[in-house]
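Read the structure below first, then the notes.
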Amino acid sequence: MYCLEPKDYGKIHNVLEESFKTPTFAFAIANHIIQGWIYINDIVNPSSGFLRTHSGIYLVFGKANDSMFNKAFHSYFMENIYGKEQRFTVFTPSTEWESFFDGTFKPYVQKMRRSKYKFVSSTFDSKYNLPNSYHLKTFNPNILRKSDNF
């Protein structure tokens, strides 16, 4: 397993774009918008890897059948994450990656389901009817930059 230098993050763009399930934060790391680290299986032609944000959000990407990389990722998890970090949230882009986690990480992690949505502005109703216990606040890039979770 290799840790990419930030100048080489572009090497994984094609692999990230292959999956509809690639979350936005992965592209933000690859494009140097947010800080993160990228680990890959092959320094010249990466086909598997994972990336992580500073706040403990991970994405595995590419082919899930690289047994050497998968063993290295499991070792990385046991040595650097398990019992040491407060957050380990992993996004899996395929059923193959989910199977890998189900088989290898089941004793250590809890599986959760997430969904991806697409905003269709033409069907959006801009009138809000919020209960009194809720407050609508503006969200902008400055607030996002101040958040440890993003």
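The values are calculated or read from the model by the stated rules, or taken from the named source; none is laboratory data. Owing to the predicted nature of the structure, the values given are computational and were not obtained by experimental measurement. Note that each Cβ is placed from the backbone with ideal geometry, even for glycine, and that neighbours are counted across all protein chains shown. With ligands, DNA and RNA removed, areas are computed over all heavy atoms of the protein, side chains included. Shrake-Rupley method; radii C 1.70, N 1.55, O 1.52, S 1.80 Å.
What distance in nm separates the simple spin-label points at Phe139 and Glu98, each placed 7 Å from Cα in the Cβ direction?
Going from the Phe139 label point to the Glu98 one covers 2.5 nm.
Taking only protein heavy atoms and a 1.4 Å probe, what accessible area per residue, in Å², does segment 1-102 have with all protein chains in place? Mind dumping the intermediate values first?
Values: 5570 Å² over 102 residues.
Result: 55 Å² per residue.
With +1 assigned to the C-beta of every Lys and Arg and -1 to the C-beta of every Asp and Glu, and no other charges, what is the dipole magnitude of the chain about the Cα centre in debye, to the nearest 20?
580
Please identify every one of the chymotrypsin sites (Phe, Trp or Tyr not before Pro) in segment 1-109 that sits in a loop by DSSP and has no more than 10 other beta carbons within 10 Å of its own beta carbon. Provide the component values of the computation, followed by the final result.
Numbers: sites: Tyr2, Tyr9, Phe20, Phe25, Phe27, Trp37, Tyr39, Phe50, Tyr58, Phe61, Phe69, Phe73, Tyr76, Phe77, Tyr82, Phe88, Phe91, Trp97, Phe100, Phe101, Phe105, Tyr108; in loops: Phe20, Tyr82, Phe88, Phe105, Tyr108.
Listed in order of number, the matching sites are Phe20.
Out of the total accessible area of the chain (probe 1.4 Å, heavy atoms of protein only), what percent is carbon and sulfur? Working shown, then result.
Working: 5610 of 10970 Å².
Ligands and nucleic acids excluded, carbon and sulfur give 51 percent.
Stretched out fully, how many nm does the piece from Asp42 to Asp125 gain, at 0.36 nm a residue minus the Cα gap?
Numbers: separation 83, 0.36 × 83 = 29.88 nm, distance 4.76 nm.
Taking 0.36 nm per residue and subtracting the Cα distance, the gain is 25.1 nm.
Toward the positive end of the charge dipole of the chain, about the Cα centre and with charges on Cβ (Lys, Arg +1; Asp, Glu -1), which of Ser48, Ala72, Val90 goes farthest?
Farthest towards the positive end: Val90.
For Lys137, go through the lysines and keep the ones whose alpha-carbon is under 26 Å away, minus same-chain ones fewer than eight residues off.
Candidates past the 8-residue exclusion: Lys116, Lys118, Lys127, Lys146.
Under a point spin-label approximation (7 Å from Cα along Cα-to-Cβ), what is the Asn31-Thr89 distance to one decimal in nm?
Here the answer is 2.0 nm between the modelled labels.
Which of Asn140, Asn70, Asn45 moves most in a GNM of the chain, Cα contacts under 10 Å?
Per the Cα network of the chain with a 10 Å cutoff, Asn140 tops the list.
DSSP loop GluC sites (Glu not before Pro) in segment 68-150 with at most 14 other Cβ atoms within 10 Å of their Cβ, which ones?
Numbers: sites: Glu79, Glu85, Glu96, Glu98; in loops: Glu85.
Here the GluC sites (Glu not before Pro) that fit, given the DSSP loop and packing criteria, are Glu85.
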